[in-house]
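The values are calculated or read from the model by the stated rules, or taken from the named source; none is laboratory data. Bear in mind the structure is a predicted one, so any value in this text is a computation, not a measurement. We place every Cβ from the backbone using ideal geometry, glycine too, and count neighbours over all the protein chains shown.
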Amino acid sequence: MRQFKNSTIACSVAASMLLASQGVSAAGELNIYNWGDYTSPELITKFEQAYDVKVTITDYDSNDTALAKVKAGGHGFDIAVPSANYMPIWINDGLLLKTRPDQMSNFKNVMDEWTNPDWDPGRHYTAPWLWGSVGMVVNTDVYSGDINTSAIFLEPPEELVGKINVAPEMGDIMGMTLYYVGSEPCTSDKAALRRARDLLVAAKPKWSSMGYSIKEQFAAGDMAASVYWNGDAMRTRMETPSVAYGYPKEGFVLWMDSVVVLKDAKNVENAKLFQNFVMDPENAAMLSNFAMYANAIDGSAPFMLDILATAPEVQIPAEHIGNGRFIEMCSPEINELYTAIWTELMK
Amino acid sequence: MAIKLFSKDPQGNLSERFNVEYVPSFPTIAIVCMLLLYAPMAPLIFYSFNDSTLLSVWHGFSWQWYVAAWNNSQVQEVTLRSLTVAFQAALFSTILATMAALGTTRVKKYKGQSVIYAVINQPLMVPEVVTAVALLILFAAIKTATGYQGSAYLVLAHTAFCIPFAYLPIRARLEGMNLSLESAAEDLYASPWRVFRRVTFPLLLPGIMAGAMLAFVISLDDVVITEFVKTPGKDTLPTYMLGQLRRELTPEINAISSALFAVSVILVGLMFLISNKKQR
């Protein structure tokens, strides 16, 4: 009994010390550098109130801009949210602080498949933010065949010819084409690259555009298929109910953005608190509800909007999940070949 | 201004002399230019009244996107910042440009004057992204040394690239102004400052206003340099809009753009009325 009492006292003392120390270290500021229109204001208010921190958000519009500014130094940011394919650069260039999110209290909530990504083994630097995929958006009124294949844009069925859009993203499109011809992204196999090139060049006359923004054109009936992101696919379906989203069985592309703490951060403790904060189920759901993409946190579904929790574009059906892969940045030599093919395609 | 083909001679008779003010097909060219400049904005403004989340499929009339933009605290914040930065940049760059214009026109010709023109107009020649990267590196060093992260960087950068835009109309005005009035004032023992204050400046004012307005609009418009130079929490309206592009665009962007367009039309219209009144 006595022993029990002692240990309770010890525990409560330790807990109060921990709370006190957290309270002290957290009062202050946090500067978040994130993609535009991507940070839930509700989540920020909750964080500010919980830890007595003034949060400032600044937008960037591309991974390259963010990387350039942080590399130049003196940026004044504590946190950034880079994409997975850029993460090895951030880590290898020594831009990040090894904050060990894997040892934080909320890490237990991270879904198993997201605890050990290739681009940050063991998650020593990154806490998951949101993720999604690139797949086939197809109007099933126009084409009722199998949409879970990259043939939709590489060897289009008759019904879709002249009504296809392809997002002008070199890495994603080259990756999916290489999967389709039975190879791997960034392969040095010249024969496979040539097959990919021939397929793309032959398919291009059957496309109508290579651009962004698809919702309007699907609604107007000018577009019947597109290689595009899952979040936009869902929004397109809300306007045009006959639109469905296909996961190519040959292989489709996954993306994920993650929260990192910058090496020259001024508010390291608050930044760490934020990393832990976004791995809480209720908070992760706030991120999803605002940006309309999936998070990587177990138990967040009950807090998510119904349309998100049930959307087949957001929740990848089990039979397709194994076909999704992350694409890394290719070596400079391969990138040169990519660019040559891409330039030919854009002509 | 009415364009007359024939002018009346002092006796009131129609003379068939050729009017030198008339340039054939000028009205046609003017109309084509106006169309090319303003027609692309018509659909933007039209769809800002769209009662739908779609950018280019018409559903019906509504003010909802103007209301949404007005109530969006982030839009308010970045718009206010854009206007503040543009005002300061216009003010500073116009002062500098006026001094530069005086120093390159109201002095004896000297060696290297053309080099100075080139240096002043450098931001017009160098691609914007080069200036942006240069400023990024320079400011990074200053930020690391001083720790200062305020909006002075934006004002400085904007002032720098606005100078030639303010300089050109001011210099053009100075070159068109007859020196005899200034010489007369000097002959009457006016001090150089008094000459400037009472003669040069009032005559130059329309040029200065034109330069300041141009600088204001150029600063308001800038994306590339701002994106690289901005410090935490210092988004301007254009960089905010750029951030929206990656995700879903709604007619709210149309509403913001249309409102901005209306503001600049009103501004330019007012300036035109004021300067027109003064000339009479």
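Key figures for this structure:
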| read-out | value |
| --- | --- |
| Residue match in the range A:150-169 (condition: in contact (Cβ under 8 Å) with a residue 24 or more places away in the chain, over 24 Å from A:K347 (Cβ atoms) and out of contact with any Gly (no Cβ under 9 Å at 6 or more places or on another chain)) | no |
| Residue selected from the range B:73-102 under the condition free of Cβ contacts under 8 Å to residues at least 12 places away in the same chain and closer than 27 Å to B:L181 by Cα, by the criterion nearest to the chain's Cα centre (by Cα) | B:I95 |
| Close pairs from the range B:175-190: first at positive phi, partner among the β-branched types (V, I, T), Cβ under 7 Å, at least 6 apart | none |
| Given (1) more than 11 Å from chain A (Cβ to nearest Cβ); (2) closer than 30 Å to A:D64 by Cβ; (3) touching a Ser or Thr at 6+ places or on another chain (Cβ under 8 Å), number of the condition B:M209 does not satisfy | (2) |
| Subset tally (residues that are surrounded by 19 or more Cβ atoms within 10 Å (Cβ to Cβ) and within 14 Å of chain B (Cβ to nearest Cβ)) for the range A:199-215 | 2 |
| Members of the range B:195-217 found to be touching a Phe, Trp or Tyr at 6+ places or on another chain (Cβ under 9 Å) and modelled with pLDDT under 90, listed by number | B:L214, B:V217 |
| Matching helices (runs of 4 or more DSSP H) fully within the range B:15-105 where at least 2 residues are loosely packed, with under 11 Cβ neighbours inside 10 Å | B:26-38 |
| The range A:238-258 - residue that is over 10 Å from the mean Cα position of the chain (by Cα) and among the hydroxyl-bearing types (S, T, Y) and, of those, farthest from A:H320 (Cα to Cα) | A:T240 |
| B:F139 vs. criteria away from every other protein chain (no Cβ under 14 Å) and at pLDDT 90 or above | no |
| Failed item in (1) in contact with a Lys or Arg (Cβ under 8 Å, 6 or more places away or on another chain); (2) more than 19 Å from A:I327 (Cβ to Cβ), with A:N106 passing the rest | (1) |
| Unmet criterion (only one of (1) modelled with pLDDT under 95; (2) farther than 30 Å from A:A244 by Cβ) for A:E113 | (2) |
| Number of positions in the range A:78-92 that are out of contact with any helix residue (DSSP H, G or I) (no Cβ under 7 Å at 6 or more places or on another chain) and either in a loop (DSSP other than H, G, I, E, B) or within 14 Å of chain B (Cβ to nearest Cβ) (or both) | 1 |
| Test for A:I327: is it assigned by TED's automatic domain parsing to the domain that holds A:R197 and in contact (Cβ under 8 Å) with a residue 40 or more places away in the chain | yes |
| Residue in the range A:97-107 that is without any contact (Cβ under 8 Å) to a residue 60 or more places away in the chain, more than 14 Å from every other protein chain (Cβ to nearest Cβ), acidic (D, E) and not in a loop (DSSP other than H, G, I, E, B) present | yes |
| Count of residues meeting criterion [charged (D, E, K, R) and in contact with a helix residue (DSSP H, G or I) (Cβ under 8 Å, 6 or more places away or on another chain)] in the range A:158-186 | 1 |
| Every residue from the range A:294-307 that is in a helix (DSSP H, G or I) and over 17 Å from A:I321 (Cβ atoms) | A:P302, A:F303, A:D306, A:I307 |
| Criterion (surrounded by fewer than 17 Cβ atoms within 10 Å (Cβ to Cβ) and free of Cβ contacts under 8 Å to residues at least 60 places away in the same chain) met by exactly one of A:A285, A:A318 | A:A318 |
| Residue check for A:A167: over 13 Å from A:E250 (Cα atoms) and of a type in the set (A, V, I, L, M, F, W, C) | yes |
| Failed condition for A:F218, given (1) within 16 Å of A:N139 (Cβ to Cβ); (2) at pLDDT 95 or above | (2) |
| Conditions (1) buried (at least 19 other Cβ atoms within 10 Å of the Cβ); (2) without any contact (Cβ under 8 Å) to a residue 60 or more places away in the chain; (3) within 13 Å of chain A (Cβ to nearest Cβ): number failed by B:P251 | (2) |
| Filtered residues of the range A:27-73 (kept if assigned to a helix (DSSP H, G or I) and over 29 Å from A:F303 (Cα atoms)) | A:N63, A:D64, A:T65, A:A66, A:L67, A:A68, A:K69, A:V70, A:K71, A:A72 |
| Any hit, the range A:334-341, residues being in contact with a Cys (Cβ under 8 Å, 6 or more places away or on another chain) and in a helix (DSSP H, G or I) | yes |
